[in-house]
Amino acid sequence: KSFMNSQDQCANQDEVAREQISSSLPSYKSGLFHWKEIMGSHLAYHQTLPHKIVHGICLTFILYGILQLLSLSGNYIPLIIIILAGVFYLISEPVIGTTMIAIFYSLYSVACAISSHFGYTSNMLIGFLCIIIPFLVNTFAASKIFNSRDDFSKPVNEFVATGNIIPIVFLPFHLAGEIVFALGYRQELKKEIDRFVELEKKSEYYNVNTKINLE
């Protein structure tokens, strides 16, 4: 309980600090919807190549599981969500946005193909397993192998505290970002995001959680 309180206090203090920093900078510095800041805060928690690979694979399976479950309520539900999220992505950064939409649609297509071979209960079980198992693997790898802490809980905590859904919408955006940056796309943009990576590393939330995992 004290650990959770410490997390909440750190998150609140960091949020105030970010608001002060953001208000003192031109809006373009953190991007529309502050997507550069959000991406940087995620990338800070998986810096090494092995950790990026594990995190990327786990996140991909989790996204697949979510789309698998959503498709059970009707094939149009996932498409509507992809379109709505895609609007945010495209107007924030067209190339990264297009890549993220392609990832979503590919996973959705696979989910539709697989779900056609199973019944409702089996598809629901597959969906839940594709969320729970990768989440546990990712959390274990972050804390026990890479001496870090995963970033999934941070946007969720912010949404619960403030009702702001934008960090959740942009949670998987860094997956597409890492792909296009690895291919050499707009390295000056990557440097801008790296500044927010360093900002996150200096935050109390980051340092408290890293310290706890190293103990």
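Quick notes
Every residue, every condition in (1) among the β-branched types (V, I, T); (2) more than 15 Å from L67 (Cα to Cα); (3) assigned to a loop (DSSP other than H, G, I, E, B); (4) open to solvent by less than 80 Å² (accessible area, probe 1.4 Å), yes or no:
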{"position": "I77", "(1), (2), (3), (4)": "yes, no, no, yes"}
{"position": "I83", "(1), (2), (3), (4)": "yes, no, no, no"}
{"position": "I101", "(1), (2), (3), (4)": "yes, no, no, yes"}
{"position": "F118", "(1), (2), (3), (4)": "no, yes, yes, no"}
{"position": "K154", "(1), (2), (3), (4)": "no, yes, no, yes"}
{"position": "I193", "(1), (2), (3), (4)": "yes, yes, no, yes"}
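- Selection count where residues are surrounded by fewer than 19 Cβ atoms within 10 Å (Cβ to Cβ) and either of a type in the set (G, A, S) or not in a loop (DSSP other than H, G, I, E, B) (or both), scope the range 39-60: 7
- Among the numbered conditions (1) closer than 13 Å to Y45 by Cα; (2) free of Cβ contacts under 8 Å to residues at least 40 places away in the same chain, the only one that V160 does not meet is (1).
- Among the residues listed as L63, L107, L67, the single one being open to solvent by less than 20 Å² (accessible area, probe 1.4 Å), under 28 Å from F140 (Cβ atoms) and at pLDDT 95 or above: L63
- Checked against (1) within 18 Å of the chain's Cα centre (by Cα); (2) modelled with pLDDT under 90, I166 passes all but a single condition, namely (2).
- Only listed residue being assigned to a loop (DSSP other than H, G, I, E, B) and among the small types (G, A, S), chosen from S109, S148: S148
- Residue in the range 184-192 that is modelled with pLDDT under 85 and among the aromatic types (F, W, Y) present: no
- Scanning the range 133-142 finds one or more residues that are in contact with a Lys or Arg (Cβ under 7 Å, 6 or more places away or on another chain), assigned to a helix (DSSP H, G or I) and touching a residue at least 24 places away in the same chain (Cβ under 8 Å).
Quick grid of which residues meet (1) closer than 22 Å to I62 by Cα; (2) open to solvent by 30 Å² or more (accessible area, probe 1.4 Å); (3) of a type in the set (K, R):
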| residue | (1), (2), (3) |
| --- | --- |
| I131 | yes, yes, no |
| V137 | yes, yes, no |
| S148 | yes, no, no |
| F159 | yes, yes, no |
| L171 | yes, no, no |
| A176 | yes, no, no |
| F181 | no, no, no |
| G184 | no, yes, no |
| E198 | no, yes, no |
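- Residues of the range 88-104 satisfying the condition of being over 17 Å from the mean Cα position of the chain (by Cα) and without any contact (Cβ under 8 Å) to a residue 24 or more places away in the chain: P94
- Residue list for the range 66-75, restricted to those being in a helix (DSSP H, G or I) and either under 18 Å from F33 (Cα atoms) or free of Cβ contacts under 8 Å to residues at least 40 places away in the same chain (or both): L70
- Scan of the range 85-99 for residues that are open to solvent by 30 Å² or more (accessible area, probe 1.4 Å) and not β-branched (V, I, T), ordered by number: F88, L90, P94
The values are calculated or read from the model by the stated rules, or taken from the named source; none is laboratory data. Computed from a predicted model, the values in this text were never measured in an experiment. Every residue, glycine among them, receives a Cβ derived from its backbone with ideal geometry; neighbour counts consider all protein chains shown. For accessibility, only protein heavy atoms count, side chains too; no ligands or nucleic acids. Shrake-Rupley method; radii C 1.70, N 1.55, O 1.52, S 1.80 Å.
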